[in-house]
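Following: one structure in structure tokens, then a few remarks.
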Amino acid sequence: MIKTLQNTLKQDKEQFTVPKSVQDAIPIRRIWPDGVFQFGSKFSKCIRFSDINYAIASKEDKTAMFLNYSELLNALDTGSTTKITINNKRLNRQNFEETILLPPRGDFLDGYRAEYNAMLTDKVTDSSNSVVQERYITVSTHKKNVDEARTFFDRVIGDVTSRLNKLDSHSEELDAIERLRILHDFYRVGEETEFHFNLKDSMRKGASYKDAICPDSMEFKKDHFVMGDKFGRVLFLKEYASYIKDSMINELTELNRTLMLSIDVIPVPTDEAVREMQNRLLGVETNVTNWQRRQNSNNNFSAVVPYDLEQQRKETREMLDDLTTRDQRMMFAVVTLVHLADSKEELDSDTETLQSIARKHLCQLAKLSFQQQDGLITALPLGLRRIDALRTLTTEALAVLMPFKAQDIRHRHGIYYGQNAISKNLILADRKELLNGNGFILGVSGSGKSFAAKREITEIALSTNDDIIIIDPEAEYRPLVEGLGGEVIEISATSPNHINALDMESGYNDGDNPVVLKSEFLLSLCEQLVGAGKLSAKEKSIIDRCTAQVYREFIRNGYLGVVPTLQDFHAALLEQPEPEARDVALSLELFTEGSLNTFAKYTNVDTNSRILCYDIRDLGKQFLPVGMLVALDSVFNRIIRNRKLGKNTWLCRPLPLHTCCCPYSEAQRLRTGGTRYTPGNSRQTKQRSSIFSLLCLPFCQIFLQAQPFFIQLCGGLNSNIPIMPYFLGNARDVGFISRVTEDKTVFVAVFLQPEIKIIGGSVDVHG
């Protein structure tokens with residue numbers, strides 16, 4: 001026997017004692033607040049890691065993920081044993097109600113909140129998504145004391161974490177409370193909300209931590225066990241197929257029941273593994289030689305080596321070649337699975353379902369006879385292994401038991417965006433937790449862009465006190481805004497409503513010289529009127545000079561008194577001695593003194609409503625870009641005001657083609673507005689027909705910088721594939737996009753950590 005395996009089995013051997021109570025059936029001997037558990041001379045530490053989008057990846061990307069996962073397995077320390085656990089647990093209804101459902105606020109919107117809550121409740125009561133999955137890696141080792149164990153865990157878990165990051169899987173170490181919570185939720189299914197444990201109080205009172213997690217009763221029978229009012233059974237993978245599909249583990253854990261599947265791994269040093277395989281090959285070759293001698297002695301010189309001997313020789317040679325030339329390692333592994341049910345009949349039915357899944361992959365999932373207690377301890381993420389059913393595997397053979405499936409976006413207090421088509425779980429995203437809250441909603445006409453934006457606006461209005469501002473060039477948001485108690489401001493050449501294009505709040509330009517940003521705004525405005533690129537350097541200098549002139553007194557007075565207007569700016573141009581100044585003034589005259597002077601007068605509308613919509617449909621095609629610029633500048637003033645109050649602001653602005661054709665300078669300004677105010681209190685949502693048409697615009701790169709929130713609605717998707725890498729920055733995601741059906745949506749969000757990308761997969765589109 002291999003020395004490492006022999007030592008491991010010797011160290012893990014424990015003296016059997018009959019448990020006298022339910023607490024005694026839990027083998028934990030001692031715990032520490034940092035999450036270290038002790039079992040005799042054995043210590044364990046556990047980490048939780050997130051899922052990755054393996055099931056929806058392309059063949060090439062699956063290969064890359066597979067190799068990265070193989071590297072993780074190769075890096076497992078030979079001085080420890082590792083347990084990889086997939087935990088299917090019921091959705092905590094109370095936690096769901098506290099973190100997702102909207103509480104009533106005593107206003108006229110409570111009826112909408114009740115309807116929203118009923119819709120979400122209906123979604124989670126569906127059997128397909130009432131179970132959530134968590135994944136753990138538990139490292140255990142034999143050490144003299146806890147200090148040596150901690151030093152070992154710091155090194156090993158740090159290495160595992162770094163390799164998980166290469167797989168885009170986020171990991172976190174679990175403290176004692178979190179580890180106990182996992183056990184409590186399993187032992188006491190349906191009582192998840194009743195776990196309230198304080199380690200310090202427990203130590204002070206002399207109470208056992210086991211009292212907080214153990215079930216009311218446990219009874220182990222021949223092939224199952226009874227735990228409280230639940231029936232459970234532990235299965236183990238008895239027979240392995242020659243070739244196993246990487247989807248088998250995912251299929252086994254798709255059962256909509258409380259279950260845990262664990263893979264115990266004992267890595268073997270390469271030198272020991274090579275010697276063992278050399279000895280095995282020598283034994284096989286000896287058997288072949290002896291067989292041939294016997295045949296020769298019987299004058300049967302043409303006899304062919306029996307198939308079983310030839311297969312043994314072939315497999316042994318292949319494994320030796322894997323160990324010496326293909327960077328493979330020898331692993332000893334055992335797969336155990338424990339599942340719970342409400343009745344014995346349901347338990348037997350679930351067992352048959354699991355066994356049929358295994359048989360489909362030419363494997364045998366067998367019941368443990370008179371070893372249910374040992375099997376349960378093995379399956380739980382404790383770090384113990386009491387089942388002697390180890391199978392010799394190479395790294396690749398073990399990596400096929402892939403624990404990854406598809407990532408979910410499930411932010412606490414997040415907004416509902418749909419359902420993950422793979423996991424069937426709700427997609428709940430909080431854009432305030434992203435790197436920045438800006439985003440795009442893309443799709444062809446009729447795909448549901450406006451509906452998606454309106455749904456998001458509605459949920460923000462119902463769930464927060466944030467301000468919502470909409471720039472509406474199509475006059476389609478009025479019913480929604482008025483229904484939510486907001487205000488719609490119509491802006492047109494004939495409207496009595498006026499917005500001063502030169503309004504300026506204190507703090508404009510984020511503490512820098514505010515005249516600089518306002519000068520850029522007026523340059524963009526003049527370019528819209530004169531034509532992009534037609535302003536000379538001299539004219540730009542005059543515009544900048546006049547901007548400083550009209551704001552001088554206003555800024556000196558501390559942003560108090562009369563705010564200048566475009567008419568004041570026009571008058572300042574006429575006072576300049578250069579003829580170019582009069583040319584610029586003449587270009588502005590229609591918008592200052594003429595019939596299109598909507599933005600040249602003092603603001604006479606209330607822009608302080610919590611939900612505000614600028615209806616600019618009737619501005620006309622010629623005046624619409626100007627209206628968009630002025631409206632955005634007014635919004636930025638509002639954002640500045642809200643930031644001083646510590647209030648969040650959401651801006652929704654559709655981007656049809658005719659409103660996107662602004663000059664590069666203004667595109668830069670819009671980008672600045674989207675990023676400058678984001679850390680404080682603002683998020684932007686932009687709608688566009690397609691990525692292709694957006695990238696065709698000269699300033700598209702500015703718009704696409706740092707946009708971590710992205711929804712691509714159905715239709716016209718494949719035509720966008722060649723340019724998707726620019727937007728997503730990850731070829732793996734593009735491969736996924738190319739395989740999304742037309743009735744699905746691509747949803748992307750990037751967490752605070754830039755290196756971690758979360759892809760929510762496909763989401764159902766309603767409406």
### Message
At 0.36 nm per residue, and after removing the present C-alpha to C-alpha distance, how many nm does the segment from Ser41 to Leu67 gain when stretched out fully?
### Response
5.9 nm
### Summary
At the level of C-alpha centres, the distance separating region 327-368 and region 369-416, in angstrom, is 11 Å
### Summary
Taking placed amide H atoms and a strict 5 Å upper bound, the residues 5 or more places from Leu502 or on another chain that come that close are Leu566
### Summary
Residues other than Asn87 with Cβ under 10 Å of its Cβ, Lys/Arg counted +1 and Asp/Glu -1, net out at +1
### Message
Can you give me the convex hull volume of the Cα atoms of region 272-313, divided per residue and expressed in Å³?
### Response
50 Å³
#### Entry: Cβ-based exposure ranking for Leu180, Leu426, in which fewest neighbours within 10 Å come first
Leu180, Leu426
### Message
Beyond a 22 Å Cα-Cα separation, which of these cross-linked pairs lie in this structure: Lys42/Lys83; Lys518/Lys621; Lys62/Lys405; Lys13/Lys42; Lys123/Lys166?
### Response
Lys518/Lys621; Lys123/Lys166
### Query
When every alpha-carbon pair in region 500-602 is counted, what percent end up more than 17 Å apart?
49 percent
### Task
Return the FRET efficiency for the residue pair Lys601, Glu474: r is the Cβ-Cβ distance, R0 is 25 Å, and the value is rounded to the nearest 0.05.
0.45
### Summary
If the chain between Tyr559 and Glu482 were fully extended at 0.36 nm per residue, the gain over the current Cα-Cα distance would be 24.5 nm
### Task
For region 97-193, state which chymotrypsin sites (Phe, Trp or Tyr not before Pro) are in a DSSP loop and have at most 14 other beta carbons lying within 10 Å of their beta carbon.
Phe108
### Cα gyration tensor shape for region 217-331, rounded if a/c is under 1.5, else prolate or oblate
prolate
### Task
At 7 Å along the Cα-to-beta-carbon direction for both Glu97 and Glu14, put a label point, then send me their distance in nm to one decimal.
3.8 nm
### Message
Students often forget the sequence filter, so: which lysines lie under 24 Å Cα-Cα from Lys205 once same-chain residues fewer than 8 apart are removed?
### Response
Lys20
### Task
Estimate the FRET efficiency between Ser58 and Thr151 by the formula 1/(1 + (r/R0)^6), using the beta-carbon distance for r and 41 Å for R0, to the nearest 0.05.
0.50
## Note on the structure
Pseudo-spin-label distance Leu282 to Glu310, built 7 Å along Cα→Cβ, given in nm, is 2.7 nm
### Task
Would you kindly derive the ³J(HN,Hα) couplings of region 396-403 from the backbone phi angles with the Karplus curve 6.51 cos²θ - 1.76 cosθ + 1.60 (θ = phi - 60°), listing them in order in whole Hz, with x for Gly and Pro?
5, 5, 6, 5, 4, 6, 6, x
### Task
Would you work out which of Tyr416, Gln312, Ser343 lies farthest towards the positive end of the dipole of region 302-459? Charges go on Cβ: Lys and Arg +1, Asp and Glu -1.
Tyr416
### Query
At what distance in angstrom do the alpha carbon centres of region 214-288 and region 1-72 lie from each other?
13 Å
### Contour minus Cα-Cα distance for Ser445 and Asp321 (0.36 nm per residue)
38.9 nm
#### Entry: Order of Asp583, Asp408 under a 10 Å beta carbon neighbour criterion, fewest first
Asp583, Asp408
### Summary
Check: C-alpha center region 108-169 vs C-alpha center region 564-580, spacing in Å is 63 Å
### Task
Run the quick spin-label model on Lys3 and Lys644: label points 7 Å from Cα toward the beta carbon, then report their separation in nm to one decimal.
7.6 nm
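Quick note: the coordinates plus some simple rules give every number you see, no bench work behind them. Remember, it's a predicted structure, so these values are computed and weren't measured experimentally. Note: ideal-geometry Cβ built from the backbone for every residue, glycine included; neighbour counts use all protein chains shown.
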